[in-house]
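Since the structure comes first, as structure tokens, the remarks are kept for the end.
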Amino acid sequence: MLTVLLEADEPMWGLAIAKQSGRTPASIYPILSRLEEGGWVAGSWDVDEERTGPRRRLFRFTEAGRTGARHVVNDYVARHAPAPQARARLA
């Protein structure tokens, strides 16, 4: 989920984040809420007057959130990447 938001050029709405991350909306929205409370994510309501249906809540990283998310993602990748010997065997 963090990677999806890091790669986004524009604010994203929760269901799009869920679809792109492969997670359920039921797991995405509580995480987004916690990230917003922690100052990592800023949320705003979509103001597209021409769109029908319920309003969408859009999310984007704050600068602090973007920096923190990069650290979390990089740390996760470093911990879960195959060891150099394993990578050589997989090639």
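Summary table below
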quantity	calculated
Local net charge near Leu5, Cβ-Cβ under 14 Å (Lys/Arg +1, Asp/Glu -1)	+2
Packing rank of 71-78, 24-31, where each peptide gets the mean count of other beta carbons within 10 Å, highest leading	24-31, 71-78
Relative contact order %, the chain, counting alpha carbon pairs below 8 Å whose residues are six or more apart	30
R0 of 25 Å, Cβ-Cβ distance Asp9-Val73: FRET efficiency to nearest 0.05	0.90
Selected from Glu36, Glu63, Glu50 as most flexible by GNM, with the chain as the system and alpha-carbon contacts under 10 Å	Glu50
The chain, dipole about Cα centre (Lys/Arg Cβ +1, Asp/Glu Cβ -1), debye to the nearest 20	560
Protein accessible area in the chain, 1.4 Å probe - carbon and sulfur %	53
Surface accessible to a 1.4 Å probe, per residue, for the residues of the chain, Å²	72
CD proxy at 222 nm, helix term only [per DSSP H run n ≥ 4: -39500 (n - 2.57); per residue of the chain; nearest 500]	-17000 deg cm²/dmol
Simple label model, 7 Å out from Cα along Cβ direction - Trp45 to Glu63, nm	2.9
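The values are calculated or read from the model by the stated rules, or taken from the named source; none is laboratory data. Values in this document were obtained by computation on a predicted structure and should not be read as measured data. Quick reminder, even Gly has a Cβ in these numbers, built from the backbone with ideal geometry, and neighbours come from all protein chains shown. SASA here: full protein model, heavy atoms, side chains in, ligands and nucleic acids out. Shrake-Rupley method; radii C 1.70, N 1.55, O 1.52, S 1.80 Å.
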